[in-house]
Amino acid sequence: MVPLREMLPGLALRQTIDLSQAPLTINPEIEAAYDVLRDGDTLTFTPKPGTSAAPRAKAANAGRDARAQAARGPLECELSVSTINISVPPTFSVTQNFALDLAVSAAHGVERLVARGEVNPSVQVGVEISAGLNVSFECKAELFKIRIPVGGPLAFFIGGVVPFEAGFEGGIEQTAVTVGLGVQVQAKANAEFGLACPVGGECEFVRSVTGEAEAKPEWNLPSLGDLRVKPSIGAFGRVKLEIGNPFMRSLRMDTFYAQAGPKLEGSFAPVLSQVIDTAYKSDYKAAFEAKAGVGADLGDALEFLGLETLAVVELAESVDIGRSPTGSMSADRAGFAAGEVVNFHVTLDAGTLDFLPVIGPYNAKQIVIYRVPAGNSTWTEVARVSASAGQAEFDLAYTAADSGAASEFTAFVVTTLLPADVFALEVGTPRSVRISADLPESIDEEAAFTVTVENSDGGPYQPAPGLLVSLAPSCGIVVPTSGRTDAAGRLAAGIGVIGCAESVAVTVEVRADEGTPVLARTTLDAVVGGFEFGDDIYLDSQAKIAAFNASGITRVVGNLSVELDEDPDDGGGGETALNATLPGSSRLGAACRSKVR
């Protein structure tokens, strides 16, 4: 192979080539199987009626049954399973607005050869897998390719094509039955890949893929039995850079590629397996995966470009973009006797309510509580409640048929995306936390009280030190509004009810730490006392005047004394109106008139 600089020693070129308007060629097999619609930079591929979904197997990796399907179909698949059926041909949509940065100088040769732009795949596919304990597959199709518009004789030497591919991949572990996997994805990614050779420096592989994605799972699993099933499926868009003769494949070299798309992964087990194995919980998630790497012909390409070495660090990143709900569970008692009511509280973590944050959907359909008595191999549903959009807190009650412990119960969530009990995900077993407080039944102006927190893991209740307690009054003020329990599980606080009418309620919540799920919640109630009709009343502050007005008294029969000084810290004295009808014998001094109307 003759290097480019020897063929064209005086070549100097520095140009950004816009590929969005360059001619493109649809893959003939795709064109035969799909209706292609172009709208600006976006091409949509919709299967034609009657199109076969059978893939073409890659002979080097496919089994006998897969090769039998190779008669037709535009997809090329690498399979490690005896049978894979695609129920409906996948639909594809790809947006491209790529450009090619090309810089060649007579003094230094190739300085930059970088493709950059968007690779935005949209894919919808469903597959059915039969047999095998560990199954994996990858199917892809070259949808179209863009010829790099370098004109004249140069096209034979420094031209090339940019192929666009779309496909799907996945697998399943530990199954010997037929399993259905499906996915709908929409990804938006910006990619940059190629080589850069700064003057005086070493050539480097340029790689960057950033973006976001949406994904929706469609899994159809049989009854799980005692198996743990781990399905995964994802879809991707891939763009390549092949340099050389754009007209003859044998004179073209596969050099670099970039790929982006979301992948869905899950792990599922029956209720009993999740309860017995305290270290395991079923779950599923979506991740945005980005890759950028080099092609099989990179060595030949470097020789052609006159480069000896290239520092290559391939890109492979995975960022979680969505996950199934998680949470916690609490009970109001550690043990119970027949006929007693056990109240459960389930909290779903706020960050997992929507499968994809902000995008959605809200991913809780029902909360279910099962009872598995110690040493028993059966489970019984004892409570179930439906979820409303955005709901994170759930209260469920169970009237005991016999005696037992709260630790025998486990909460599960049935999700919106996989709305079947077979996909139920464990939330947790209860940590029994109870709250008590000595808030007075009636409060005149202010009162001190103590909140006591205790917990139990199936045994007697014990003081719970170090837990975070938050206090929120319906009116008035509480000091402090939050704090941690001491060694005895207590938090001292005070409440002021000035401005409250008739009653006050204080909501108490207990957490392990800020931002963690609520372990227990209760409401403390008290009656607001104060001025009685006909009593002698002494008002010496603006706050007391405000409290008097809030009490509802409008006529005073006893003695009413108002004494306000000129202290500027008292709020200005005459700015609060006193709502009362005074007897005719009342006398207001000159100093008082200026302050009370």
Original post:
When the chain is fully extended, how far beyond the present Cα-Cα distance does residue 391 get from residue 36, taking 0.36 nm per residue of separation?
Top reply: 123.5 nm
Original post:
Computed on alpha carbon atoms, what radius of gyration and Dmax characterise the stretch 363-429, expressed in Å?
Top reply: 12.5, 37
Subject >> Value of Rg to Rh for the stretch 249-377 (Rh from inverse mean 1/r over Cα pairs, i.e. Kirkwood) >> reply: 1.28
Original post:
Short version: what are the Cα gyration tensor semi-axes of the stretch 442-528, square root of 5 times each eigenvalue, largest first, in whole Å?
Top reply: 25, 12, 11
**OP:** Report, to the nearest whole %, how much of the accessible area of the stretch 462-510 belongs to carbon and sulfur atoms, 1.4 Å probe, protein only.
**Re:** 57 percent
**OP:** Within 10 Å, count the other beta carbons around each residue, average over each peptide in 122-130, 395-403, and list them highest first.
**Re:** 122-130, 395-403
Original post:
Taking the Cα centre of each part, how many Å lie between the stretch 171-238 and the stretch 432-454?
Top reply: 54 Å
Original post:
What Kirkwood radius, in Å to one decimal, follows from the Cα pairs of the stretch 228-325?
Top reply: 16.8 Å
Original post:
Just the accessible area per residue of the stretch 81-122, please: how many Å² with a 1.4 Å probe?
Top reply: 29 Å²
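Ignoring ligands, DNA and RNA, what percent of the 1.4 Å accessible area of the stretch 259-386 is carbon and sulfur?
52 percent
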Original post:
GluC sites (Glu not before Pro), restricted to the stretch 446-503: which are DSSP loop and have at most 14 other Cβ atoms within 10 Å?
Top reply: 502
Original post:
In sequence order, what are the phi-derived ³J(HN,Hα) couplings for the stretch 465-482 according to the Karplus relation 6.51 cos²θ - 1.76 cosθ + 1.60 with θ = phi - 60°, rounded to whole Hz, with x for glycine and proline?
Top reply: x, x, 7, 8, 10, 10, 10, 10, x, 6, 7, x, 9, 10, 10, x, 7, 7
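Measuring with a 1.4 Å probe in the full set of protein chains, what accessible area per residue, in whole Å², belongs to the stretch 257-311?
38 Å²
The values are calculated or read from the model by the stated rules, or taken from the named source; none is laboratory data. Worth saying up front: this structure is predicted, and the values here are computed from it rather than measured. Glycine gets a Cβ as well: all are built from the backbone with ideal geometry, and neighbour counts include every protein chain shown. These area figures cover heavy atoms from the full protein model, side chains too; ligands, DNA and RNA do not enter into them. Shrake-Rupley method; radii C 1.70, N 1.55, O 1.52, S 1.80 Å.
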